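Here's the structure, in structure tokens; my notes come after.
Each value in this text was obtained by applying a stated rule to the coordinates, not by laboratory testing. Worth saying up front: this structure is predicted, and the values here are computed from it rather than measured. Note that we place each Cβ from the backbone using ideal geometry, even for glycine, and neighbour counts take in every protein chain shown.
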Amino acid sequence: MPVPPSRPSARFRAAAAILAAAVSIFSLRVFAQQKPESPSARAGAEAAARPWWQDAVFYEVYPRSFADSNNDGVGDLNGITSKLDYLHALGVDAIWITPCFPSPQVDFGYDVADYENIDPMYGTLADFDRLVAEARKRHIRVILDFVINHTSDKHPWFLDSESSRASAHRDWYVWRDGKPSADPSPPAQPPNNWQAIFGGSAWQLDPKTGQFYYHAFYPQQPDLNWRNPAVEKAMFDQTRFWFKRGVAGFRLDAVDTLFEDPALRDNPVLPGTNAFGQPRMEMKYTSKLPEVHDVLRNLRKVADEYGAVLIGETWTRNIDELKEYYGQHSSELQMPMDLMFTSVKTLSAPEFRRQIGAVDAAGGWPVYVISNHDIVRSYNRYGDGQHNEQIAKLMAAMYLTLRGSPILYYGEEIGMENNDPKSKDDVKDPIGRLGWPALKGRDGERTPMQWTPGPNAGFSTVASWLPVPPSAQTRNVESESGDPNSILNFYKRLLALRHTEKALLYGDYLALNPDDASVLSYLRRYKEETILVVLNFSAAPQTITFDLAPQGLGAAKVQTLLTSDTAQPASGSLRSVSLAPFSACIFRVSR
Ligand code: GLC
């Protein structure tokens, strides 16, 4: 989602500019907790001792744009099911599907009108059950998106809430009187200065009942009142509905904004204006209130009943905030996303080294992400226009070899690029219409998956809801599958290594050559197994020396496991490793 005034600006594209039937609980618990039997040599004592999600590679699917089985221009669940073999061959262990519940689609599903069903545009509950069952056959788990902060204004809870001040659900949302005014003639004034993350006041007047309701995002996304225990109970029950259907966990949407200051204090105003032309503000009283952690602790208990994982959309500003989301004694989110990682905007070995080191030492399980449906694709963010292909592989070599779980964004594995709208009339994401031309919205990073060189990139036989870029002619799964040097084949090799090398699965992380401004290098060590990852973040060739004597590997030999530049493969000994510009090399180190 686009960045609120005080959040890290690289969060989003907007931020760059301004964010079957139910199976028995017993058998599902068994599935949720058991280790995947394949792929790979993960079996063994180490794997048995770890929760499944620590070994898993996650893959985000934006259902509108992944695969269109009924050729109406919009992706659907049967489309996802038809691509499970592809995902399995790629090396994916879990898919996170962004909201596919009934919704008016104002925010493309992040405005949920019914938490316990599938939007007809995407299929049926039976299709969902089939997807889970087929995924399970391929040892792929399914994660859903829990839109926890708000519902759609068309959700029956809100329809009742707005019907009268005395309605049963009135207190399920945040209703307040406007600011008192001496002059009764002008329109009512919002209760305070709080701004919506998607522009305008965060308060919407309901003329019928004469009060304002609070919305952190669009007015069509009224915030739930998490101070009401009935809301917590009803929302937790929605997760149980899906856990009982075989869902292995949730990605929690917008957790930062669950609570607001009950005293309604104004947020501090900062110098300057945001992309919507409004004063910038610190979200002191509307984001990351301590009460969030009570809800997460309680939700974790529900997830634990099913052996499920909770992944957080956590826009933290520093490691202390990230640590808070793990909770004391790991009592909250198992996987808060390190989205600060995406705020390293340029290819900087020292910056990535610093961030990785801090997250690795934070005490929880690291979660690395380089793209998602709210952020300009990594291919464009990091690409320099000249070496994009190499840089895409370099980034993959980095975040897929770190200690932690990576979450890939669909299309990243083929180097998909943003395809931004060319005119305001083409924009589908409301933010892009509100902020045009400074903000073009998030359509660019949500375009259809590129499967073939054919019409609509093989996504659909009819015009797709968003257009595919001309580059889809060559940048697609079919073409890249046939090219041994493609980004896709590099991802496949990397993920195969990640699934078989114990040092990559279980090893610790040790940064090497900490002062090197151009090359990021580190060891992953597990018992007697050591992997050395060397990443050249510069446009110049680099030759580097490693002294692994302190690690007892002074006279060790290196064997190349994978190199991103097949024309100029990295070579050498520990004394002299030569790397082509923006290239990556992964070595096995043995005594
Ligand atoms: C999250 C989603 C984003 C959505 C917003 C409001 O940030 O990732 O796409 O617009 O929440 O639900």
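Backbone amide hydrogens, once placed in the peptide plane, bring Gly200 within less than 5 Å of nothing, excluding anything fewer than 5 places away on its chain.
Does the stretch 440-493 come out rounded, prolate or oblate, given a ≥ b ≥ c as the square roots of the eigenvalues of its C-alpha gyration tensor, rounded meaning a/c under 1.5 and, failing that, prolate meaning a/b above b/c?
On the way: a/c = 2.74, a/b = 1.60, b/c = 1.71.
Oblate, since a/c reaches 1.5 and b/c is not below a/b.
Coupling constants for the stretch 307-324 follow from the phi torsions by the Karplus curve (6.51 cos²θ - 1.76 cosθ + 1.60, θ = phi - 60°), and in residue order they are x, 8, 10, 10, 10, x, 7, 10, 8, 8, 9, 7, 5, 4, 5, 5, 4, 4 Hz; glycine and proline get x.
Jot down the per residue volume, in cubic angstrom and as a whole number, of the convex hull over the alpha-carbon atoms of the stretch 355-406.
Working: hull volume 4.3 nm³, N = 52.
Cα convex hull per residue, to the nearest whole number: 83 Å³.
For the pair Asn70 and Val302, the difference between a 0.36 nm per residue extended length and the Cα-Cα distance amounts to 79.9 nm.
How large is the charge dipole for the stretch 156-214, taken about the Cα centre, if only the Cβ atoms of Lys, Arg (+1) and Asp, Glu (-1) carry charge, to the nearest 20 debye? If you can, show how the numbers build up before the last one.
Working: 5 positive and 6 negative charges, 10 e Å.
That gives the stretch 156-214 a dipole magnitude of about 40 debye.
What FRET efficiency, computed as 1/(1 + (r/R0)^6) with R0 = 22 Å and r the Cβ-Cβ distance, is obtained for Ala230 and Leu125, rounded to the nearest 0.05? If you can, show how the numbers build up before the last one.
Numbers: r = 25 Å, r/R0 = 1.16.
FRET efficiency, Ala230 to Leu125: 0.30.
Centroid-to-centroid, using Cα positions, the stretch 415-491 and the stretch 541-591 are 36 Å apart.
For a Förster distance of 56 Å, can you work out the FRET efficiency between the beta-carbons of Asp114 and Glu529, rounded to the nearest 0.05? Spell out each step's value before the answer.
Working: r = 49 Å, r/R0 = 0.88.
My answer for the efficiency is 0.70.
Placing +1 on the Cβ of every Lys and Arg and -1 on the Cβ of every Asp and Glu, with nothing else charged, gives the chain a dipole about its Cα centre of roughly 1120 debye. Looking at the chain, the DSSP beta bridges with both ends there are about 60 percent antiparallel. Cross-link pairs exceeding 29 Å in C-alpha to C-alpha distance, out of Lys345/Lys440; Lys244/Lys440; Lys179/Lys288; Lys233/Lys345, comprise Lys244/Lys440; Lys233/Lys345.
Ordered from longest to shortest, the equivalent ellipsoid semi-axes for the stretch 156-214 are 21, 15, 8 Å, each the square root of 5 times a Cα gyration tensor eigenvalue.
The H on the amide N of Met281, modeled in the peptide plane, is under 5 Å from the matching H of Ser6, Leu270, each at least 5 residues off or on a different chain. Each residue of the stretch 401-414 is assigned a 3J(HN,Hα), and the resulting list reads 10, 7, 6, x, 9, x, 10, 7, 9, 3, x, 4, 6, 10 Hz, derived from the Karplus form 6.51 cos²θ - 1.76 cosθ + 1.60 (θ = phi - 60°), x at Gly and Pro.
Applying 1/(1 + (r/R0)^6) with R0 = 51 Å to the Cβ-Cβ distance of Gln473 and Ala182 gives a FRET efficiency near 0.20.
For the stretch 448-539, just say rounded, prolate or oblate: build the C-alpha gyration tensor, square-root its eigenvalues into a ≥ b ≥ c, call rounded for a/c under 1.5, and beyond that prolate if a/b exceeds b/c, oblate if not. Note, shape of the stretch 448-539 comes out prolate. One quarter of the surface of the convex hull around the alpha-carbon atoms of the chain equals 26.7 nm², the direction-averaged projected area. Length gained on full extension, Gln189 to Ser330, computed as 0.36 nm times the residue gap minus the Cα-Cα distance: 46.4 nm.
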